[in-house]
Each structure stands twice: as C-alpha cells, then as structure tokens.
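These notes concern the structure reproduced below.
The numbers here are math on the coordinates, done by the rules we state, and not lab data. Owing to the predicted nature of the structure, the values given are computational and were not obtained by experimental measurement. Please note: Cβ atoms are built from the backbone with ideal geometry, for glycine as well, and neighbour counts cover all protein chains shown.
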Amino acid sequence: MYALQNKVAVVTGAGSGIGRALALRLAQHGCRLALADIDAAGLAATAALLPSPPYTHRLDVADRDAVHAFADAVKHECGGAHVVINNAGVALSQTIENMSYEDFEWLMNINFWGVVHGTKAFLPTLLAQRDGAIVNLSSIFGIITVPTQGAYHAAKFAVRGFTETLRQELDGSGVFAVCVHPGGIKTNIARNARHYVDTMGNTDHARSAAAFDQMARTSADEAARVIIDGIQRRRPRVLIGADARLMDRIQRWAPVRYPAALRALLRLSR
Ligand SMILES: NC(=O)c1ccc[n+]([C@@H]2O[C@H](COP(=O)([O-])OP(=O)(O)OC[C@H]3O[C@@H](n4cnc5c(N)ncnc54)[C@H](O)[C@@H]3O)[C@@H](O)[C@H]2O)c1
C-alpha cells in the first residue's frame, strides 16, 4: 500500500466537484495540501472547509509557464510534492462539424495540455525523491465515445495514452502513474460547460445540465474515495461508478459495435 500520511498532495481544479472532495479526503488521510484552481472563490471555499489551511494558488492549467511556477512555489512552500492529481477539467458539447477551432483548442488546452503541464512540472521532484504518484483524470469518455463529445473524447483518450505510457516509463523509479476514468459524477461540470447541443439533440443548456444531474449517479465524495483507494493500491487504471464499469465491459465485448448497445442503454435510462 502507498502511505499517504504526511505526504504533500497537489490537486488542480480543487475549487469544485471531485477536486474539492479529494482535498477533504486527502486531509483526513494526513496529507499536506497544495491546491490550485482558476476560480479563486471556489478555491477559497474549499480551503475554508479544511481543518488546517492548505497552500492555495490561483492557476490556469492551460498556461505552461504558470504551471511550472506553481510547481516551484509548491516545492518552496511545502518542501516537495508526492501525490500530484491533474484533475482540472471542462466540458464541451458540440458536433465536430460545427465545433469552432477556438472551442476545440480551449478544451484541449485545459483537459489535455493541463495534464501534460502538471505531469512535466512536478515529475522531476517526484523522481528525485524516488517517491510519488502522478494521477491523471481521464474519463469513461476516454474509453467509449458518443456523438457531440469529440473534443472531450480527443482529450480524454489522449490523457489515457499519455498516462499509460508514463506508467511504463516510470517502472522501477519509485514513482507510479494512475489513470482515472469516472462515469457520471454529480458535480458542476455540465453547468460550467460550453454547451451547444448534447447527445440527445438538446440545445438548452439548463435542460441538458438537469439531464446530466439525473444520469450522474455517483457523488464527488465517493469518486474521491475510489481515487484515493486506487492511489493507495497503486492501481494503473481506476474506473469509478457502476456506469463506468458497465460501459468499459460493453466496449471490450464489442470494441467496434458498442455504440449501438450504448444507444439502447441510453433509451432505456430515459
Ligand atoms: N463529473 C463527471 O461526471 C466527470 C466524469 C468523467 C471525468 N470527469 C473529470 O473530472 C475532473 C473534475 O471535474 P468535476 O466533475 O469535478 O467538474 P467541476 O466543474 O465541478 O470542477 C472542475 C474544476 O476545474 C476548474 N478549472 C476549470 N478550468 C481550469 C483551468 N483552466 N485551470 C485550473 N482549474 C480549472 C474549475 O474552476 C472547477 O473548480 C475533470 O477533469 C473532468 O473532466 C468528470
């Protein structure tokens, strides 16, 4: 088991959802926390929930220099870093035909490049210690695909490829990588999304977010519990929720034809 007590845990996107829940649970495990988010108010609200003040840093993970400066600041303020959770992320619903390059790049810069920046900025510290974990948030949408999620899929499949490669390259280094694939988690992600049209042809943002809330069955706290368990057990892949486990199984059962099975499931769940 990987011991978390007295380790420095870094969480990006800690101002909401899974990131906030991770911060609360990691504090219970005795970690010292370095938390970042682009949303300063959300970050302050997370900090206020913690038993002792964390190191907080307003950060745009899409900004490479800013992420490297954050890693330097964490080293200075916390004396190192052990568990780095690249969690910050956004959503976007639009068909590939109608998706603007601006929206595509916005999402890729956060959901893919943000993970690359966080990994490369902290990796030298972890390797020098020969101790640590890089934990990257992909999604069940890094395993299966649905229409209107082209940019999100591109980023989350890329995070999976990147993290699975890293895992192998780190073999024997004392550092390990974990790729996390949540199913639907009840957070603000759908409400904060750039939304044009969703899987069900819905163009109304509020209605679509409400439909997401109905479908997302797992709480952020439960997601955090499963992620931390995966880190402690040094799991290479962490699936979260019965929905994610089912979709993963369907994809293995019918690697090319799974979209038809998923459409049938979606119709049944409405
Ligand atoms: N909620 C789900 O159903 C679900 C499913 C699969 C994967 N995920 C992934 O989990 C991660 C966390 O999402 P969540 O559901 O908690 O969403 P959320 O919207 O509740 O939280 C995301 C956090 O990331 C922050 N953020 C956004 N852009 C940022 C940037 N450029 N720099 C720094 N911080 C930024 C937001 O301010 C917010 O605090 C994301 O990577 C998401 O893709 C979520």
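For the chain, which DSSP H helices look membrane-span-like by this rule: Cα extent along the axis of 24 Å or more and mean Kyte-Doolittle of at least 0.5?
113-129
Please list the non-local residues whose amide H lies under 5 Å from the amide H of Ala177, H modeled 1.01 Å from N, same-chain partners needing a gap of 5 or more.
Ile134
State the extension gain, in nm to one decimal, for the chain segment bounded by Ala41 and Asn6, taking 0.36 nm per residue of separation less the distance between their alpha-carbons.
My answer for the length gained is 9.9 nm.
Report the FRET efficiency, 1/(1 + (r/R0)^6), for Lys120 and Asn98, where r is their Cβ-Cβ distance and R0 is 25 Å, rounded to 0.05.
E(calc), rounded to 0.05, equals 0.15.
Would you mind getting me the FRET efficiency between Asn192 and Arg252? Use the beta-carbon distance for r and R0 = 35 Å, nearest 0.05.
0.65
Kindly provide log₁₀ I(q)/I(0) values, in the same order as q = 0.07, 0.09, 0.11, 0.17 Å⁻¹, from the Debye equation applied to equal alpha-carbon scatterers of the chain.
Those come out to -0.23, -0.38, -0.58, -1.39, one per q.
Have a look at Ala48, Leu266, Ala158 and report the one farthest towards the positive end of the charge dipole of the chain, computed about the Cα centre with Cβ charges (Lys/Arg +1, Asp/Glu -1).
So the residue we want is Leu266.
Compute the FRET efficiency between Asp221 and Arg267 as 1/(1 + (r/R0)^6), taking r as their Cβ-Cβ distance and R0 = 30 Å, and round to the nearest 0.05.
The computed FRET efficiency comes out at 0.50.
If you take every DSSP beta bridge whose two residues both sit in the range 107-265, what share of them, in percent to the nearest 5, is antiparallel?
So the antiparallel bridges in the range 107-265 amount to around 0 percent.
Give me the compactness ratio for the range 148-270, meaning the Cα radius of gyration over 2.2 N^0.38 Å.
1.17
Could you work out the Kirkwood radius for the range 201-240, taking every pair of different alpha carbons, averaging 1/r and inverting it, reported in Å?
12.1
Loop-only GluC sites (Glu not before Pro) in the range 14-116, please: DSSP not H, G, I, E or B, and at most 16 other Cβ atoms within 10 Å.
Listed in order of number, the matching sites are Glu97.
Label Ala48 and Arg245 with points 7 Å out from Cα along Cα→Cβ: what is the distance between them in nm?
3.7
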